[in-house]
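Read through the structure below, which is laid out as structure tokens, and then see the notes.
Only the coordinates and a few stated rules stand behind these numbers; no lab work does. The model shown is predicted, which means the values in this text are computed figures rather than measured ones. A quick note on method: Cβ atoms are made from the backbone with ideal geometry, for glycine too, and the neighbour counts reach across all protein chains shown.
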Amino acid sequence: MSQWFETAKARATEAASTPLRRDAIERLALTRWPTRKTEAWKYTSLYPLNDVDYPLATGGTRENHLLIPNLEATYIRFDGKEWHVEGELPEGVSLSSAQLDSRIKPNHHLFGNINDALADQRLNLQVAAGATVSQPIVLSIAALEHQEQHAAATVTIGDGAELTLIEMATGEGEGVTTQFAEYLVGEGATFNHYRFALQHVPHFFFGGTHIRLEEKSTLNSFVMGFGAQLSRLDIDIDHAGSYANANMDCIYLLRDKEHFDLHTTIEHSVAHGTSEENVRVIAADQAKATFNGRIHIHRDAQKTLAEMNNRNLLLSRNAEINTKPELEIYADDVKCAHGATVAEMDEKSLYYLVSRGIPRKQAEIMLNFGFINELVDKIDDDTIATWIREQLVAKFDLMTGAL
């Protein structure tokens with residue numbers, strides 16, 4: 001029994017009724033609170049959340065949102081209850097006040113259903129067909145102290161359009177945050193996507209990114225996470241149209257007792273799709289990391305090319321990394337591959353650098369950064385890449401300082 005879960009369901013039934021909320025409440029009524037015997041939560045215990053009791057955020061707070069220096073972008077900030085556009089939207093981008101039903105997010109995500117049931121306002125963003133959006137859009141959310149908040153967004157990218165969008169979640173302090181976003185990428189459209197889950201202990205964070213790719217569309221996604229007291233991110237990519245291409249790179253770095261659980265599912269439903277997924281994890285101290293990546297090749301998805309690679313680095317014997325790559329293939333004319341490794345820092349390489357006069361801490365940072373730099377090098381936007389490297393170096397400094 002989870003008192004937090006029971007409270008969440010009660011709050012949902014007390015809120016204003018909408019079709020989306022009613023459907024979510026019905027699903028939650030049939031949902032059992034996960035235990036360690038629940039396969040999807042095998043390595044992540046929800047026990048610390050059971051008795052948490054924070055009031056729902058009432059809105060009005062737009063402080064502590066992280067900016068990316070020198071990046072010309074449109075920021076849309078969540079105040080704990082509602083979204084607020086800072087400045088004007090770029091040409092070709094518009095907002096809708098209509099509360100759209102969820103069309104992309106799978107119904108089995110526990111916290112996705114909780115988000116549907118408790119989010120007061122869903123941001124609905126539309127990109128016109130053929131539009132090339134001139135600057136990135138940042139959906140920003142910051143942790144609220146001793147409060148609970150639920151942010152939801154739906155983005156529709158028209159046929160032939162191009163959009164760069166950043167999901168930003170930051171902050172510290174006790175509290176609970178759910179942040180879910182759904183994306184429909186139209187025919188021939190290009191979607192450059194970033195998600196930064198940078199909240200820290202003692203926050204509880206649950207998020208999801210759910211993307212549907214139509215014919216000949218392209219997804220370039222980069223995810224970076226730093227963990228929290230308990231954090232979970234679910235990513236679903238559905239190749240709904242032929243010749244769609246998805247590339248996803250993910251880095252997460254954990255220290256102290258941070259926890260980060262990443263579950264990804266790539267669905268190839270039709271023929272001639274391609275996907276490449278690379279995940280790099282570094283864990284120090286008593287941190288705990290989990291990666292569960294699944295590629296599902298449906299019967300009609302002939303001529304599919306799909307690859308998944310997960311590499312993990314342990315900086316402490318007390319840290320824990322769990323990895324579970326999965327391939328489920330029902331088509332016979334495909335090329336698929338997956339792999340996973342877990343290793344410790346190479347002491348010979350560390351000794352070599354130190355013997356050449358490089359301070360040990362700097363040498364550790366260099367080796368750690370070399371482990372993940374190939375993924376950062378793939379980012380086309382120099383301003384975003386520079387900021388990511390600065391965040392990584394600062395995190396490495398904290399991680400190696402504890403060795």
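For G293, the amide hydrogen comes within under 5 Å of the amide hydrogens of T264, K324, E326, counting only partners 5 or more places away or on other chains and with H modelled in the peptide plane. Beta bridges assigned by DSSP with both partners in the chain are antiparallel in approximately 5 percent of cases.
Here region 143-170 and region 26-43 have alpha carbon centers that stand 25 Å from each other.
Taking other C-beta atoms within 10 Å as the exposure proxy, H108, H65, H84 rank H108, H84, H65 from fewest upward. Using the Karplus relation 6.51 cos²θ - 1.76 cosθ + 1.60 with θ = phi - 60°, the per-residue 3J(HN,Hα) values for region 75-86 come to 9, 10, 9, 9, 9, x, 9, 9, 8, 9, 7, 8 Hz, with x marking Gly and Pro. Between S94, S217, S140, the Gaussian network model of the chain with springs among Cα atoms under 10 angstrom shows the greatest mean-square fluctuation at S94. Please state the shape class of region 3-345: rounded when a/c is under 1.5, otherwise prolate if a/b exceeds b/c and oblate if not, all from the C-alpha gyration tensor. Rounded is the answer for region 3-345, as its axis ratio a/c remains below 1.5. For the chain, a Gaussian network of Cα nodes joined below 10 Å ranks R317, R294, R62 by mean-square fluctuation, and the top entry is R317. When the Gaussian network model of the chain links Cα atoms closer than 10 Å, the mean-square fluctuations of K288, K42, K303 top out at K42.
Do any of K81/K395; K257/K395; K105/K216 go past 18 Å between their Cα atoms, and which?
From K81/K395; K257/K395; K105/K216, over 18 Å: K81/K395; K105/K216.
Across region 32-38, rounded Karplus estimates of 3J(HN,Hα) from the backbone phi angles (6.51 cos²θ - 1.76 cosθ + 1.60, θ = phi - 60°) give 8, 4, x, 10, 5, 7, 7 Hz, Gly and Pro being marked x.
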